[in-house]
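One structure below.
The values are calculated or read from the model by the stated rules, or taken from the named source; none is laboratory data. Quick caveat, the model's predicted, so the values are computed rather than measured. Note: ideal-geometry Cβ built from the backbone for every residue, glycine included; neighbour counts use all protein chains shown.
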């Protein structure tokens, strides 16, 4: 991604602007280095709750104005919280770029946290949590995460525990907001039909006076080494049995990350992004051929994402009717862990790389995706990593893929979880 104007304002805000003249549209993304990993028992879920509250009114925007202003100009907007960061975006006609700049500057410096709105949102988030508790996939993911991670904050879900959601106070929410929603803890990425220099002037106008904060330096608990297989099981009413398996893997910046991305692509197809999500799942992928094509699972796949701290490489399957869990599990683990002794051929590696290149290229066509990529890679390292992404994947050899499979996808490093309908 060439021709990116990179600036750090005096208050610490990192600004990334890319001119992309394909259509009269611009996308603005604001990312904060705060998520589930910045929490502790007692306030789990607080980052996600703060995300909700920043839509509820600020000094110059009333409740609902963010959506009204964006929709008035034919734009879209949203926000989400992950383990590692919180991100918001607006995509609008480029002539209306001041709209997202106003919205995000108000979100950064002037959210109100009205007491009545705080309590109202408590009800909304608890209802969201209760809805998740009826979702078998969430139920197993929560149990599996708490089994994989014994100490690290990655062990709890981003939405938090019900007990903490019942007790978190407005004062705690406001304190969390003031600590982390500061320019020196944020990245602003803009891509579209804009003039970079003029856009930077508008950014300074909206954001330049927002003061930096004494954002806490976080050092989450180190996760002890895993020395044997762990297992988790949930029995609950549901339609289908399914399995998830997680293997501990290293953090962003580790030299094994790109071989692990290619390993994920060999197993279930190339993907456009590296923090989870969908991608190509063709009949040439090993998991498809070894588990779905063999009629042991209705669906199956794998996932690997970049993360600030060591996280996991995961795989899953949904059991086919008439197949025993033991039979399907054995087949999936054989496919996954078999890569160590059965490296991809040059033809397989080349085919998988082409799939990945196509997914990345398709994913970067829209300015919304371009701005997201700038912010995402900056939050996890440096925005220029997006330019090196495919080059680093092209450097991965079949021996690299086999080596990381042997290092990480091994029995002593795995946690197996099953959901069994009761």
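Residue-wise test of (1) assigned to a loop (DSSP other than H, G, I, E, B); (2) more than 26 Å from the chain's Cα centre (by Cα); (3) surrounded by fewer than 18 Cβ atoms within 10 Å (Cβ to Cβ); (4) outside the structural domain of residue 369 (by TED's automatic domain parsing).
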residue	(1), (2), (3), (4)
77	no, no, no, yes
88	no, no, no, yes
100	no, no, no, yes
105	no, no, no, yes
116	no, yes, yes, yes
127	no, no, yes, yes
130	no, no, yes, yes
140	no, no, no, yes
144	no, no, no, yes
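Does the stretch 183-191 contain at least one residue that is part of a helix (DSSP H, G or I) and surrounded by fewer than 15 Cβ atoms within 10 Å (Cβ to Cβ)? Reasoning before the result, please.
Here is the first cut: in the stretch 183-191, the ones part of a helix (DSSP H, G or I) are 183-185.
Among the residues that remain, those that are also surrounded by fewer than 15 Cβ atoms within 10 Å (Cβ to Cβ) are: none.
No, every residue in the stretch 183-191 fails to be part of a helix (DSSP H, G or I) and surrounded by fewer than 15 Cβ atoms within 10 Å (Cβ to Cβ).
Taking into account only those residues within the stretch 8-19 that are under 25 Å from the mean Cα position of the chain (by Cα) and touching a residue at least 60 places away in the same chain (Cβ under 8 Å), which is surrounded by the fewest Cβ atoms within 10 Å (Cβ to Cβ)? Steps first, please.
Applying the first criterion (under 25 Å from the mean Cα position of the chain (by Cα)) to the stretch 8-19 yields 8, 12-18.
If we keep only those that are touching a residue at least 60 places away in the same chain (Cβ under 8 Å) as well, we get 12-18.
Values: 12: 16, 13: 24, 14: 22, 15: 21, 16: 24, 17: 26, 18: 24.
The selected residue is 12.
Do we have any residue at all in the stretch 237-252 that's more than 30 Å from residue 93 (Cβ to Cβ), out of contact with any helix residue (DSSP H, G or I) (no Cβ under 8 Å at 6 or more places or on another chain) and outside any loop (DSSP other than H, G, I, E, B)?
Scanning the stretch 237-252, I find no residue that is more than 30 Å from residue 93 (Cβ to Cβ), out of contact with any helix residue (DSSP H, G or I) (no Cβ under 8 Å at 6 or more places or on another chain) and outside any loop (DSSP other than H, G, I, E, B), so the answer is no.
Cβ-Cβ distance below 8 Å, separation of 6 or more or different chains: which pairs start in the stretch 355-381 with a residue that is at positive phi and end on one that is part of a helix (DSSP H, G or I) and surrounded by fewer than 24 Cβ atoms within 10 Å (Cβ to Cβ)?
From the stretch 355-381, no pairs qualify.
Find the residue count for the stretch 149-173, including only residues that are within 23 Å of the chain's Cα centre (by Cα) and not in a helix (DSSP H, G or I).
Of the residues in the stretch 149-173, 10 are within 23 Å of the chain's Cα centre (by Cα) and not in a helix (DSSP H, G or I).
What are the residues in the stretch 20-43 that are assigned to a loop (DSSP other than H, G, I, E, B) and either buried (at least 24 other Cβ atoms within 10 Å of the Cβ) or without any contact (Cβ under 8 Å) to a residue 12 or more places away in the chain (or both), if any? Before the answer, list the steps.
Start the filter on the stretch 20-43 by keeping residues that are assigned to a loop (DSSP other than H, G, I, E, B), which leaves 20-24, 33-35, 39-43.
Residues satisfying the conditions are 34, 35.
Tell me the helices (runs of 4 or more DSSP H) entirely within the stretch 353-422 that contain at least 1 residues that are buried (at least 21 other Cβ atoms within 10 Å of the Cβ) and modelled with pLDDT of 95 or more. Explain how you work it out, then say what you get.
Details: elements: 367-379, 385-394, 398-408.
Where helices (runs of 4 or more DSSP H) fall fully within the stretch 353-422 and carry at least 1 residues being buried (at least 21 other Cβ atoms within 10 Å of the Cβ) and modelled with pLDDT of 95 or more, they are 367-379, 398-408.
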